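Following: one structure in structure tokens, then a few remarks.
Every number in this text was worked out from the coordinates using simple rules, so none of it is lab data. Given the structure is predicted, the values throughout are model-derived calculations rather than measurements.
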Amino acid sequence: MKEKAKKNIVEVISILFIILFVYAAASKWMAFDKFQAQLSQSPIIGPFTRWIVWIVPLAELFLSILLIVPKWQVMGLYGSFSLMTAFSTYIIAITQFSEYIPCSCGGILEHMSWNIHLLFNLCFVILASIAILIRPAQNHFTLLE
Amino acid sequence: MLSRRIKSLFPFFFISIGLILILYYWSAKTNKNEFRRLFPSHVLLDEKVTDLAYNSYYIAGKTKKTIYLGNYVTPDYITEFLPSAALLKHFRVHLNSPEKLKSAGFILSVDSPMYFLTEGNEALLFRSEFPDLQLESSIGHSLPHFSLFCPISSTSFLLRSYNPQKATTTISKIYYSPYKKIEILNILQKQVDGIFCTDGMMGYDPVSHKFVYIYYYRNQFTVTDSDLHIIYRGTTIDSNSTVKFTVSSFDQHKTTIISSPQRPINKRLVLDHGNILVQSGLVAKNENAGILNRYAVVDVYAMNDGHYRFSFYIPNYNGEQVRDFSILNDDLISLCGHFLIHYHLNMPDPN
């Protein structure tokens, strides 16, 4: 594949992540009380709600900024990969608490079943890995090469 | 370069998974409890399975020989199950005002020979007597809105409803004719908000004439006589004597929810032959953490004084949770998914 095509794919994937993160963070903030109340029902993160209600949307916005700035894009992709992996693991873990499964995702994501949600997240994990694997080498970012 | 990049993903991958797993195991550990269960052997034997074709059935009541099933989707259909013959029989009943059936939440209760269709949000009660298949709304008086209904005799029934003055739910005994309502304030004890904190299940044992109310979110149950005089308050084997949750409102106070991780301590109540059977939502110290994903754990208490007797497991079937269960003499019937599972029950004698 030509370098140009690879670069375009990485750009498209980054834009998808930016849309996802900004949308997710915005819908959480627009219904913050609801988000906080729902998150606090979670059997896994309930006790840490106070921090997580801020950490998750801020992390989403922070990663969007990293993805926008060309110099930081690689870090953004690694961060997105990690966050989506963590979300996917969370979904697998929470479905193990069988009958009691609260949901705290905003907007359209709220209407997905847990299996669809997991599939959705795994697609984004794969997208992030693709972007990381095919991205053209950059001179100014060699830490992870 | 590609393999180096693949390798570079590994630490991110494992750290992300690790973080969530730490949270998971931490919370699973705090879900264990400081009590132990006693398990006699061979309580359930001879599993027999009947396919009901639909998963919307629930147990509506029983007579000496028959279990009655209602269906959430088609409330005007009654299903009879005879354990002795493993026989299913369906029949349809009729309301004198059939347009009311469109209301979503009709629940069937059978207290043979009487049977009832009730809808608490709209305060509707229809009743009839087998073998008559025509139900009548036979109370010449408007009922309060109610959240639970329990038939106790041919002349009266019990309701759980919300009392706005006291800001809590209460139990009332209602006589048909002449209409009379006796509201009892001291059976349910408010701890937080009077709605979620007092939420639970109720049942009446026609053999011993005792009424039992058990809370979902604390370890207490209350046993009364048929006139709702408290005989005693008992506790289940765990130590959750106060509800642990807080409630919060959003959407300009239009929606109120429980806002802390809270699974019910007590999930189902079944009364039978001097025993109070409680399906528990808690894992004991002498059990594996994953036990609740494979079985319904049932703790048995003595009806006369509420002491803990023993526990047993009702297995899930085909990966489906036990949705409901009931006991008829030496038979235990459970509903899992669209299956009805029928066991021979070998209850240990009271010691």
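Worth pointing out:
- Centre separation in Å (Cα based) which lies between region A:67-87 and region A:121-137: 10
- Using just its DSSP H runs of length 4 or more, each adding -39500 (n - 2.57), chain B gives a mean residue ellipticity at 222 nm of -3000 deg cm²/dmol after division by all residues.
- Ordered from longest to shortest, the equivalent ellipsoid semi-axes for the protein assembly as shown are 51, 25, 23 Å, each the square root of 5 times a Cα gyration tensor eigenvalue.
- Cross-link partners of B:Lys166 among aspartates and glutamates, defined as those whose alpha carbon lies under 13 angstrom from its own and excluding same-chain residues fewer than eight positions apart: B:Glu183, B:Asp193.
- Whole-angstrom gap from region B:214-285 to region B:15-89, using each part's C-alpha centre: 18
- Kirkwood Rh, angstrom, region B:29-112 [1 / mean 1/r, Cα pairs]: 15.8
- Bridgeable lysines around A:Lys2 (alpha carbons under 27 Å apart, same-chain partners fewer than 8 residues away excluded): A:Lys71, B:Lys7.
- Between helix B:2-30 and chain B: long-axis angle, C-alpha atoms, 0 to 90°, nearest 10: 40
- C-alpha center-to-center spacing [region B:97-163, region B:300-320] in angstrom: 29
- Convex hull volume per residue for chain B, taking Cα atoms only, in Å³: 194
- Of all aspartates and glutamates in the structure, those lying under 13 Å Cα to Cα from B:Lys48, and not within fewer than 8 positions of it along the same chain, are B:Asp331.
- Among the listed pairs B:Lys65/B:Lys102; B:Lys65/B:Lys210; B:Lys180/B:Lys210, those beyond 23 Å (Cα-Cα): B:Lys65/B:Lys102
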